[in-house]
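The values are calculated or read from the model by the stated rules, or taken from the named source; none is laboratory data. Values in this document were obtained by computation on a predicted structure and should not be read as measured data. Note: ideal-geometry Cβ built from the backbone for every residue, glycine included; neighbour counts use all protein chains shown.
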Amino acid sequence: MQEKITEKTHILDEQGHVIRPGWSNRDVFIYEREKIAKSSLRIKEWDYWEVFNDQARVIFNIYDIGYLGVAEYSILDFNTKESYHAQSTRLFTRGSIGSPSSWQYDEPLVFKKKKNTMIFDRNGDNILLSVDFQKEGIKGEFTLYKDPKMDIMVNLIPFEDPRQFVYVVKIMCMPAKGEITKKNKKYVFNESNNSWGILDWTRAVFPYKNHWKWSVSSGKVNGVNFGFNLDYGFGTESSKSMIFYDGVGHHLDEVYYQHDKKNLKKPLKITSPDDRVNLVLKPKCVDKHSINYGILYMKGFNTYGYFTGEVVLDDGTVVEIKEKDKLFGWAEEFSQKW
């Protein structure tokens, strides 16, 4: 189990080494890109937002991975299995996209190229996401409410090379409203159709080859906001897992799952050695990805569906997730070279 960090601390020392790895439920780490002791081509920064319900999901992502900077959107209809994806790209950006040092957007993050625009901004406790890709006929705006009292998952993990690290902020359970239009087809997200937003905000220097698993949910259980972030595979220590119950984060140690790759629609068991997590994901939709540009490669899949089972909070309270809760989310597995 990693150390819990409770006071503000810098991520890197003057040699670019991780000072104090650990986790927190608040923003305690200070990210300074200029202290990174690696080529700008090795620095990876992304702001990944996903809005979903059990009918569809929308991804907004602005990232700068040195070789290139990208604004991308993706829509997946869980019922028809139709998907739409497009991106706007700049080559050899080396950090010039302007990725912020905090997820809170004191200034908006704007990606604009020709007739394509994506903007991430904040108004008080609301996160504002917008996209306008005119050539593809995509236009959308979303508002996600981030309760200022709600815990978040913050983690700093080193790799074997002391100048490599991953600093991540994961936020679940943000009520979402908005709509996105793909030419003449509109997808609407709001409270009445149980829509939620999540964030994966990452700043890192990764090894060239990586493999990870990530499972997420957001919804209501026992009448309160409930969700989890179960995440492992990176670094020499990986403890990016947390249960969120009524705004309070309950940190976890090891959590595991293994898909049947010959049958991805088979119910997936998610467990932990300490029995704090005993879940089953019943897939509704499988989404596969494969990108291969030689030196850049990514392959994997997401299984989207409904969770049932039990989790145990820090004080020993058992929370049961029943079918009637319709707790929706996903579990993914990816390999990557970049």
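Looking only at the range 213-237, which residues are farther than 13 Å from GLU160 by Cβ, at pLDDT below 90 and either more than 15 Å from the chain's Cα centre (by Cα) or surrounded by 21 or more Cβ atoms within 10 Å (Cβ to Cβ) (or both)?
Listed by number, the list holds a single entry, ASP231.
Out of the strands (runs of 3 or more DSSP E) lying entirely within the range 240-323, which hold 3 or more residues that are modelled with pLDDT under 95?
Answer list for the range 240-323: 277-292, 297-312.
Return the residue satisfying two criteria in turn: it lies in the range 110-146 and is part of a strand (DSSP E or B) and of a type in the set (Gly, Ala, Ser), and of such residues it is surrounded by the most Cβ atoms within 10 Å (Cβ to Cβ).
The qualifying residue surrounded by the most Cβ atoms within 10 Å (Cβ to Cβ) is GLY140.
Please enumerate the residues belonging to the range 260-282 that are in contact with a Lys or Arg (Cβ under 9 Å, 6 or more places away or on another chain) and buried (at least 20 other Cβ atoms within 10 Å of the Cβ).
Across the range 260-282, the qualifying residues are LEU268, LEU279, LEU281.
Looking at LEU313, LEU279, which is the one that is over 18 Å from the mean Cα position of the chain (by Cα) and closer than 23 Å to SER195 by Cβ?
LEU279
From the list LYS288, LYS284, LYS324, which one is closer than 22 Å to VAL224 by Cβ and either basic (Lys, Arg) or over 22 Å from the mean Cα position of the chain (by Cα) (or both)?
LYS324
Does the range 71-102 hold any residues that are within 30 Å of LEU12 (Cβ to Cβ), touching a residue at least 40 places away in the same chain (Cβ under 8 Å) and touching a Lys or Arg at 6+ places or on another chain (Cβ under 8 Å), and which are they?
ALA71, GLY95, ILE97, SER99, SER101
Given the structure, is THR80 of a type in the set (Val, Ile, Thr) and either surrounded by 14 or more Cβ atoms within 10 Å (Cβ to Cβ) or touching a strand residue (DSSP E or B) at 6+ places or on another chain (Cβ under 8 Å) (or both)?
no
Here is a list: LYS81, LYS149. Which entry is on the phi > 0 side of the Ramachandran plot and not in a strand (DSSP E or B)?
From the options LYS81, LYS149, the qualifying one is LYS81.
Of all residues in the range 96-120, which are within 23 Å of GLN134 (Cβ to Cβ) and among the polar types (S, T, N, Q)?
Answer for the range 96-120, where residues must be within 23 Å of GLN134 (Cβ to Cβ) and among the polar types (S, T, N, Q): ASN116, THR117.
Specify the residue that is farthest from the chain's Cα centre (by Cα); the eligible residues are those in the range 193-212 that are closer than 22 Å to LEU268 by Cα and surrounded by fewer than 21 Cβ atoms within 10 Å (Cβ to Cβ).
Restricting to residues being closer than 22 Å to LEU268 by Cα and surrounded by fewer than 21 Cβ atoms within 10 Å (Cβ to Cβ), the top hit is HIS211.
Residues being outside any loop (DSSP other than H, G, I, E, B) and surrounded by 15 or more Cβ atoms within 10 Å (Cβ to Cβ): count how many of those fall in the range 84-109.
So the count comes out to 5.
Report, ordered by the first and then the second residue, all pairs with beta carbons closer than 9 Å, sequence separation of six or more or different chains, a first member in the range 191-220 that is without any contact (Cβ under 8 Å) to a residue 60 or more places away in the chain, and a second member that is part of a loop (DSSP other than H, G, I, E, B).
PRO207/PHE159; PRO207/GLU160; PRO207/ASP161; PRO207/GLN164
Which of the residues belonging to the range 10-42 are over 28 Å from ASP246 (Cβ atoms) and in a strand (DSSP E or B)?
Result: HIS10, LEU12, VAL18, ILE30.
The conditions are (1) without any contact (Cβ under 8 Å) to a residue 60 or more places away in the chain; (2) crowded, with 19+ Cβ neighbours inside 10 Å; (3) not hydroxyl-bearing (Ser, Thr, Tyr), and LYS182 fails exactly one of them. Which is it?
Every condition holds for LYS182 apart from (1).
Of everything in the range 152-166, what is assigned to a strand (DSSP E or B) and either surrounded by 22 or more Cβ atoms within 10 Å (Cβ to Cβ) or within 17 Å of the chain's Cα centre (by Cα) (or both)? Give them in sequence order.
MET153, VAL154, ASN155, LEU156, ILE157, PHE165, VAL166
Quick one: in the range 53-70, of everything that is under 19 Å from GLU141 (Cβ atoms) and touching a residue at least 60 places away in the same chain (Cβ under 8 Å), which residue is surrounded by the fewest Cβ atoms within 10 Å (Cβ to Cβ)?
Only one residue fits best here, namely GLN55.
Among the numbered criteria (1) under 27 Å from PRO162 (Cβ atoms); (2) in contact (Cβ under 8 Å) with a residue 60 or more places away in the chain; (3) touching an Asp or Glu at 6+ places or on another chain (Cβ under 9 Å); (4) not in a strand (DSSP E or B), which one does GLU45 miss?
Status for GLU45: all satisfied but (4).
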